[in-house]
Amino acid sequence: MKTLKEKDDFIFGLRPVIEALEAGKTIDKIFVQNALQGDIYQDLKNLLAKHKIRPNFVPVEKLNRFTRKNHQGVVAFISDVPFERIEDVLPQLFEAGKTPFLLILDRLTDVRNFGAICRTAECVGIHAVILPEKGAAPINSDAIKTSAGAIYNLKICKEKNLAHAVDFLQQSGVQVFSATEKAQKLYYDVDYTQPCAIVMGNEETGISKEVLHHSDEKIKLPIEGKTESLNVSVACGAILYEAMRQKIKEVL
C-alpha cells in the first residue's frame with residue numbers, strides 16, 4: 001500500500017488518505033468507488049465532510065486506470081498548494097487598499113496550459129486565480145513545473161459554483177470580463193483599471209453558458225488568419241498584458 005512518503009501526485013487506500021487529511025495535506029481531487037461501504041470508509045467520509053471536500057464517485061474501472069494496486073476504492077490527488085475561498089480573499093484585498101485583479105479559469109483541463117497561465121498571471125500581478133472544484137486541471141508537479149513555481153506565489157481559490165462566485169464578485173464591485181470568440185467587443189476596448197476579473201474557458205468548449213450569462217462584458221481577440229482561435233494560454237497572456245498596460249498607464 002502506498003505511503004505518504006512517496007512522491008507521486010496521488011495516494012490511494014483508505015488509511016493513507018485519512019492520514020493525509022489528518023496531516024493537513026491539501027486534497028486537489030478525490031475519487032471514491034461507487035457504493036463503497038465499511039467502517040473505515042465512514043471515518044474517511046466524516047473527515048471529508050469536516051474539511052468540506054466533495055468526492056467524485058466513480059466506477060472501479062476508473063480507479064484501476066490510476067493504479068492497479070490495492071486502492072481499496074479510494075484515490076486522492078494531493079496538491080502542495082493550499083486552496084482558499086474568494087469570499088475570504090476579496091475582502092483582504094480591499095482592506096489592503098488594492099484594486100482586485102482576478103483570473104477565473106472555467107474548466108481548463110490541460111495541466112501545461114494551466115501552469116503557463118499561472119506563470120503569466122503572477123508576472124502581471126494577478127491577485128487570485130479562481131477555479132471550479134470539479135472539471136479543472138489538477139494542480140500537480142507538472143503544473144507547478146510549467147508555471148516555473150509561480151503557482152506558489154498566487155492565491156488559488158476553488159469554488160463549488162463559478163456562476164455564484166461571479167455573482168459574489170459583481171456584488172462586491174468587481175467587473176467580470178469573459179473572453180469568447182462570440183463577443184462583439186475587442187479585448188482592448190474595456191477598462192481593466194477598475195476592480196476586475198477576466199474569465200478564460202475550456203480549451204474545447206470555452207466558457208460555460210451560465211458563467212457567460214452572468215458576465216458584465218464579453219471580449220475577444222481579433223483574428224485575421226484562417227485559424228479560428230488561439231491557444232488559451234496565449235490568448236490569456238495577450239489579455240492580461242493589455243490589462244497590465246492600462247494599469248501602468250493610469251499610474252504614470
Quiz item: What aspartates and glutamates could a cross-link reach from residue 185, if we take a straight Cα to Cα line under 19 Å and drop same-chain neighbours fewer than 8 places away?
Solution: 216, 217, 224, 228, 242
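Net charge around residue 209, counting only other residues with Cβ within less than 14 Å of its Cβ (Lys, Arg = +1; Asp, Glu = -1)?
Details: positive: 107, 182, 218; negative: 106, 210.
Computed value for this residue: +1.
Please report the carbon-and-sulfur percent of the accessible area for segment 26-84; probe 1.4 Å, protein heavy atoms only, DNA, RNA and ligands left out. It would help to have the intermediate numbers written out before the result.
Details: 1680 of 3430 Å².
Here carbon and sulfur together make up 49 percent of the probe-accessible area.
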Practice problem: Could you state the accessible area per residue of the chain in Å², with a 1.4 Å probe and every protein chain left in place? | Solution: 52
Quiz item: If one puts a single equal scatterer on every Cα of segment 86-251 and applies the Debye formula without solvent, what log₁₀ I(q)/I(0) results at q = 0.08, 0.13 Å⁻¹?
Solution: -0.20, -0.56
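Just flag the GluC sites (Glu not before Pro) in segment 2-99 sitting in loop per DSSP whose Cβ has no more than 11 other Cβ atoms within 10 Å.
On the way: sites: 6, 19, 22, 61, 84, 87, 95; in loops: 6.
Here the sparse-neighbourhood loop sites are 6.
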Exercise. Filter the cross-link list 98/158; 25/134; 182/226; 226/249 down to pairs whose alpha-carbon distance in this structure exceeds 27 Å.
Key: 226/249
Self-check item: Among beta bridges that DSSP assigns inside segment 86-251, antiparallel share in %, nearest 5
Solution: 5
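Which order do the peptides 129-136, 99-106, 223-230 come out in when sorted by mean C-beta neighbours inside 10 angstrom, highest first?
Numbers: 129-136: 19.4, 99-106: 23.9, 223-230: 8.6.
In descending order of packing, they fall as 99-106, 129-136, 223-230.
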Practice problem: Quick one: which residues, 5 or more positions from residue 158 or on another chain, have an amide H under 5 Å from its amide H? H modelled 1.01 Å from N in the peptide plane, none for Pro or chain starts. | Solution: 84, 131
Practice problem: Specify the inter-centroid distance of segment 197-252 and segment 155-196, based on alpha-carbon positions, in whole Å. | Solution: 10
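The values are calculated or read from the model by the stated rules, or taken from the named source; none is laboratory data. If you're wondering where the values come from, they're calculated on a predicted model, not measured in any experiment. Ideal geometry is used to build each Cβ from the backbone, glycine not excepted, and the neighbour counts take in all protein chains shown. Side chains are part of the model used for accessible areas, which takes the heavy atoms of the whole protein and leaves out ligands, DNA and RNA. Shrake-Rupley method; radii C 1.70, N 1.55, O 1.52, S 1.80 Å.
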